[in-house]
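All of the numbers you see were taken from the coordinates with simple rules; none came from a lab. All values reported here derive from a predicted model rather than from experimental measurement. Cβ placement follows ideal geometry from the backbone for every residue including glycine, while neighbour counts extend to all protein chains displayed.
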């Protein structure tokens with residue numbers, strides 16, 4: 001309950017979620033109406049999966065990912081042309097917003113490695129130019145990548161269907177929008193697996209706050225958690241079991257580390273490990289930390305709520321843990337105005353994140369894949 005209550009505070013607010021979805025739909029509608037016939041727009045990533053976690057950055061910006069699929073064959077276009085085609089439409093959208101004197105438009109448009117990014121207060125919208133992958137119908141896509149010569153494979157729709165099947169949650173709502181702009185789901189309640197993924201992502205963001213380049217990709221954590229999840233309904237049990245089994249799904253193929261996309265076996269979520277070995281070590285170091293934390297908590301069942309909350313706050317943000325602690329204590333009719341004593345017990349007057357820096361050296365405490 002402490003974990004669930006703490007991670008719940010990191011959910012995106014209904015107001016900001018609604019605002020992000022409105023901007024997604026407006027941009028998507030512009031692309032669908034002003035691009036060529038057959039352009040299709042749909043979301044991908046944490047907004048689609050329901051695993052959004054508030055970033056612990058100075059700006060604290062969420063990101064919502066938009067796939068823009070053009071009905072073209074790979075033989076008829078280049079990656080550079082595709083990227084620029086979508087960028088031109090987004091530029092036209094910005095010009096139109098300014099001409100209409102509308103103040104709710106994006107503040108900027110930036111090209112990234114695979115996408116275009118529209119910046120808004122509190123969040124940014126990543127627009128990913130793609131074409132159909134005819135070798136993997138009906139939902140496979142090919143991505144642009146300025147650093148790679150070959151087209152990159154992906155399948156966000158298939159992945160979302162797999163994840164929803166794993167979490168046994170498939171709620172949907174329907175809204176009015178352009179026929180070629182798919183909706184963003186609104187998750188009224190999180191499944192256990194969604195919460196597990198949020199907890200893992202939250203911890204990862206804290207550990208790698210000063211080392212973004214080596215932070216494990218969200219899609220890698222989500223995939224390993226989804227593969228290891230066995231349908232547990234109790235959140236803490238689910239986290240323990242997922243951590244116990246998630247590294248079993250890291251493969252070695254022809255001397256290359258491999259975690260395949262469950263919806264597209266040719267996409268490897270650990271491809272960067274083979275190019276940058278330090279990123280695998282970073283992942284294993286993070287895994288050690290959170291596995292140790294959860295193991296410590298499991299042995300504290302009879303130690304008292306304040307002791308458990310204090311240990312939890314050492315690995316996660318203190319404020320969300322404190323908020324959860326106070327709410328849980330109030331439910332149990334317990335005193336909540338504790339003081340920080342010589343034992344280091346949790347106190348509501350102590351705020352701010354408290355986390356350990358990650359250090360990757362020496363022997364790891366768990367078996368290595």
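In percent, rounded to a whole number, the relative contact order of the stretch 11-188 is 26, using alpha-carbon pairs under 8 Å and six or more apart. Among beta bridges from DSSP that stay inside the stretch 11-188, the antiparallel ones total about 70%. Each of 293, 117, 51 has some number of other Cβ atoms within 10 Å of its Cβ, and from fewest to most they run 117, 293, 51. A simple spin-label model places the labels of residue 94 and residue 248 4.9 nm from each other, with each point 7 Å out along Cα-to-Cβ. Taking the number of Cβ atoms within 10 Å of each Cβ as an exposure proxy, the fewest-first ranking of 267, 22 is 22, 267. Note on the stretch 213-326: Cα-Cα pairs beyond 22 Å make up 42% of the total pair count. Each peptide among 208-221, 100-113, 304-317 gets the average number of other Cβ atoms lying within 10 Å of its residues, and from highest to lowest they stand as 304-317, 208-221, 100-113. With the convex hull of its Cα atoms as the shape, the stretch 11-188 has an orientation-averaged projected area of 10.9 nm². If the chain linking residue 189 and residue 230 were pulled fully straight, counting 0.36 nm for each residue of separation and taking away their Cα-Cα distance, it would gain 12.8 nm.
Would you mind ranking 253, 318, 280 so that the residue whose beta carbon has the fewest other beta carbons within 10 Å leads the list? Kindly include the intermediate steps, with their values, before the conclusion.
On the way: 253 9, 318 23, 280 20.
Lowest count first: 253, 280, 318.
Taking every C-alpha pair closer than 8 Å and separated by at least 6 residues, the mean separation divided by the residue count of the stretch 197-265 gives a relative contact order of 23 percent.
Separation of the stretch 24-45 from the stretch 127-150 is 16 Å, based on Cα centroids.
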